[in-house]
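Computed from the coordinates by the stated procedures, all read-outs in this text should not be read as laboratory data. From a predicted model like this one, the values you see are computed outputs, not experimental measurements. Quick reminder, even Gly has a Cβ in these numbers, built from the backbone with ideal geometry, and neighbours come from all protein chains shown.
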Amino acid sequence: MIIDGKKEAELIRNEIKKEISELKKKTAKTPSLSVILIGDLAPSKIYVKNKEKSAREVGISSKIIQYPKNVSEKDVLMKIDELNKDENTSGILVQLPLPNQISKEKIINAIHPSKDVDGFNPINVGNLSSGYKSIVPCTPLGCLLLIKQVEKNLSGKHAVIIGRSNLNGKPMAQLLLKENCTVTIVHSKTKNLQKECLKADILVAAVGVPNLVKKDWVKDNIIIIDVGINKVGEKIIGDVSFDDLRNKAKAITPVPGGVGPMTIACLLKNTLECFKAHQL
Ligand code: NAP
């Protein structure tokens, strides 16, 4: 089974659109997302544009606040403070990466946890790892929803996650622990990656190394979620050798068309949750 992330993301977006339209009738208000974009990195500009377009399509008003590459940290922090206090702003996102003069840690800490649609603020990270209600980072949330499309009950499954980033690997591990999986996280210093991967019933690869996971790294009937986005020549490919594994796995995500569309859908989902938390 090839997991169709595009289709699943569309279903989520349709549900969000419907809910926003119902909430608008009740409250005369709609969610709004403020995206801060610093500098002119081409991929960041594309991501932000896509986020804005997807937000608009479901009825979330979206505003891009653009700064030049040399903007001061103080100016960005002041803007975040203003947005934190603005009752018409439901969610705030600062597009990463940031230029060197701006501390990622300070920026992430400055976004109020209740408006932190990326789920990166340490309060949300702490709530997630404590098993409390929290805003969950969009990509791992999207991965979990895709896994649950294949199998509802994950209790007792062995999940192996390749990558330990704050963005992907660590929150993915917390989500799967919450689902009662036995979780192994592996990374660049892991001694025998293949041996660890062979234990997996569920494998999530969030690495950034093209075709890292080979056919003889996994057992049969596994669920494989490929988070990787790697540009090789003109093609975008994942961290998993898709062609070698598509017939071995029980279910596998393609790249593109797997996790990517779910990330944006989950951003919209988080923005709606932030709106509801403020308004209802
Ligand atoms: P990251 O911060 O660079 O983390 C990569 C992780 O992979 C690190 O933990 C690193 O280990 C580990 N790693 C690197 N090389 C390895 C190797 N040869 N063997 C085992 N582990 C290795 O990356 P990220 O932000 O998590 O992103 C990972 C990938 O997902 C990238 O391709 C990115 O473009 C993609 N991505 C996709 C989406 C989406 O929506 N589909 C969203 C976000 C990111 P160490 O910790 O030891 O360095």
Subject >> Across 148/219; 191/235; 53/231; 63/235; 45/148; 178/269, pairs whose alpha-carbon gap is larger than 27 Å >> reply: 191/235; 63/235; 45/148
Original post:
Which angle between 0 and 90 degrees, to the nearest 10, do you get for helix 5-27 versus the longest principal axis of the chain when only C-alpha atoms count?
Top reply: 30 degrees
**OP:** Give the angle, between 0 and 90 degrees and rounded to the nearest 10, that separates the Cα long axis of helix 73-85 from the longest principal axis of the Cα atoms of the chain.
**Re:** 80 degrees
Original post:
Quick one: if you stick a label point 7 Å off each Cα along the C-beta vector at residue 112 and residue 65, how many nm between them?
Top reply: 1.3 nm
Subject >> residue 18 versus residue 153: modelled label distance in nm, points set 7 Å from Cα along the beta carbon direction >> reply: 2.8 nm
Subject >> Relative contact order (%) - criterion: Cα under 8 Å, at least six apart; region: the chain >> reply: 21 percent
**OP:** Would you please give the FRET efficiency between residue 11 and residue 41, computed as 1/(1 + (r/R0)^6) with r the Cβ-Cβ distance and R0 = 45 Å, to the nearest 0.05?
**Re:** 0.90
Subject >> Summed residue charge, Cβ within 14 Å of residue 183's Cβ, Lys/Arg positive, Asp/Glu negative >> reply: +2
Original post:
Against the longest alpha carbon principal axis of the chain, how many degrees, from 0 to 90 and to the nearest 10, is the axis of helix 259-279 turned?
Top reply: 40 degrees
Original post:
residue 85 to residue 182: FRET efficiency via 1/(1 + (r/R0)^6), r the Cβ-Cβ distance, R0 35 Å, to the nearest 0.05?
Top reply: 0.20
Original post:
Which aspartates and glutamates have a Cα lying under 14 Å from the Cα of residue 17, excluding residues fewer than 8 positions away in the same chain?
Top reply: 57, 273
**OP:** Describe numerically, in nm with one decimal, the distance between label points set 7 Å from Cα along Cα→Cβ at residue 278 and at residue 243.
**Re:** 4.8 nm
**OP:** Please order 17, 24 by the number of other Cβ within 10 Å, starting at the fewest.
**Re:** 24, 17
Subject >> Centroid-to-centroid separation of the stretch 15-87 and the stretch 102-164 [C-alpha atoms, Å] >> reply: 20 Å
**OP:** Report, largest value first, the span of the C-alpha coordinates of the chain along each principal axis, in whole Å.
**Re:** 53, 43, 39
Original post:
Looking at the chain, which longest stretch skips every one of the GluC sites (Glu not before Pro) that is in a DSSP loop with at most 12 other Cβ atoms within 10 Å, leaving the sites themselves out?
Top reply: 88-233
Subject >> Most mobile of 107, 224, 147 in a GNM of the chain (Cα contacts under 10 Å) >> reply: 107
Subject >> Whole-number D in µm² s⁻¹ for the stretch 28-113, Kirkwood Cα-pair radius fed into Stokes-Einstein, 10 °C, 1.306 mPa s >> reply: 120 µm²/s
Original post:
Is the stretch 138-260 best put as rounded, prolate or oblate by its Cα gyration tensor, with a ≥ b ≥ c the root eigenvalues, rounded for a/c under 1.5, and otherwise prolate when a/b is larger than b/c, oblate when not?
Top reply: rounded
